[in-house]
């Protein structure tokens, strides 16, 4: 249902956002493709881990007159940013920290029985569980050279329960304080909390 050529087209931020949601809508209506998406087969891993957060980041970050071109492969970045004149002015590297083993196991269970593993806990525990995976990913990224890239660290925790918004703010502050300590080799580093919260991380030179 998605191809590499579809993914790698140049689109404005809004067009990329609309493309992502059109694919999601189509996949939901097709059980075979939905199962492939859940288990991240084919291009779905890149689509979910890179293109989806890229679409949200682009809408929040760039003017509608610019173009975003996703690039699949192992070239050290996931997208090019082109200005009004069609000049490449930046590259974007997107990373989506997560508990990969749990996510893969849960995906198989969802496909088999229609719903995933039940997890109970106190409000905010899901964010606390995600915290070390984010830092581990950031430390790995810090070892690589992204001096010509903007690095986007995208996370998707559950929204905070009502009256626990302050707790979430404190958790985010704690995470960002730890990220600030990491010496990234990148133009800029952002923390993207999907769907619409974007924080610039100021790191040590």
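Please enumerate the residues belonging to the range 28-62 that are assigned to a loop (DSSP other than H, G, I, E, B), in contact (Cβ under 8 Å) with a residue 12 or more places away in the chain and surrounded by fewer than 18 Cβ atoms within 10 Å (Cβ to Cβ).
Across the range 28-62, the qualifying residues are 30, 39, 40, 42.
Is at least one residue of the range 158-173 surrounded by fewer than 12 Cβ atoms within 10 Å (Cβ to Cβ), within 20 Å of residue 59 (Cβ to Cβ) and without any contact (Cβ under 8 Å) to a residue 24 or more places away in the chain?
Checking the range 158-173: at least one residue is surrounded by fewer than 12 Cβ atoms within 10 Å (Cβ to Cβ), within 20 Å of residue 59 (Cβ to Cβ) and without any contact (Cβ under 8 Å) to a residue 24 or more places away in the chain.
Would you confirm whether or not the range 147-155 contains a residue that is in contact with a helix residue (DSSP H, G or I) (Cβ under 9 Å, 6 or more places away or on another chain), in a strand (DSSP E or B) and surrounded by fewer than 15 Cβ atoms within 10 Å (Cβ to Cβ)? Quick ask: steps written out before the conclusion?
Initially, the range 147-155 is screened for residues in contact with a helix residue (DSSP H, G or I) (Cβ under 9 Å, 6 or more places away or on another chain), giving 150-155.
Checking the rest, the ones that are also in a strand (DSSP E or B) come to 150-155.
Subsequent filtering for residues that are surrounded by fewer than 15 Cβ atoms within 10 Å (Cβ to Cβ) retains none.
There is no residue in the range 147-155 that is in contact with a helix residue (DSSP H, G or I) (Cβ under 9 Å, 6 or more places away or on another chain), in a strand (DSSP E or B) and surrounded by fewer than 15 Cβ atoms within 10 Å (Cβ to Cβ).
Restricting to the range 63-78, give me the number of residues that are within 28 Å of residue 143 (Cβ to Cβ) and either in a loop (DSSP other than H, G, I, E, B) or more than 14 Å from the chain's Cα centre (by Cα) (or both).
Counting residues in the range 63-78 that are within 28 Å of residue 143 (Cβ to Cβ) and either in a loop (DSSP other than H, G, I, E, B) or more than 14 Å from the chain's Cα centre (by Cα) (or both) gives 10.
May I ask you to say which residue of 129, 120 is modelled with pLDDT under 95, in a helix (DSSP H, G or I) and closer than 18 Å to residue 156 by Cα?
Among 129, 120, only 129 is modelled with pLDDT under 95, in a helix (DSSP H, G or I) and closer than 18 Å to residue 156 by Cα.
In the range 1-27, what residues are in contact with a strand residue (DSSP E or B) (Cβ under 9 Å, 6 or more places away or on another chain) and not in a loop (DSSP other than H, G, I, E, B)?
7, 11, 13, 15, 16, 17, 18, 19
Would you be able to tell me the number of residues in the range 67-77 that are modelled with pLDDT of 95 or more and either out of contact with any helix residue (DSSP H, G or I) (no Cβ under 7 Å at 6 or more places or on another chain) or buried (at least 23 other Cβ atoms within 10 Å of the Cβ) (or both)?
6
If you go through the range 2-18, how many residues are surrounded by 16 or more Cβ atoms within 10 Å (Cβ to Cβ) and either touching a helix residue (DSSP H, G or I) at 6+ places or on another chain (Cβ under 8 Å) or at positive phi (or both)?
Going through the range 2-18 one residue at a time, the tally reaches 6.
Within the range 79-97, take every residue that is assigned to a loop (DSSP other than H, G, I, E, B) and in contact with a helix residue (DSSP H, G or I) (Cβ under 8 Å, 6 or more places away or on another chain) and give me the one that is nearest to residue 196 (Cα to Cα).
Among them, the one singled out is 96.
The values are calculated or read from the model by the stated rules, or taken from the named source; none is laboratory data. The shown structure was predicted, so the numbers you read here are calculated from the model rather than taken from an experiment. Positions of Cβ are generated from backbone atoms using ideal geometry, with glycine treated the same way; all protein chains shown enter the neighbour counts.
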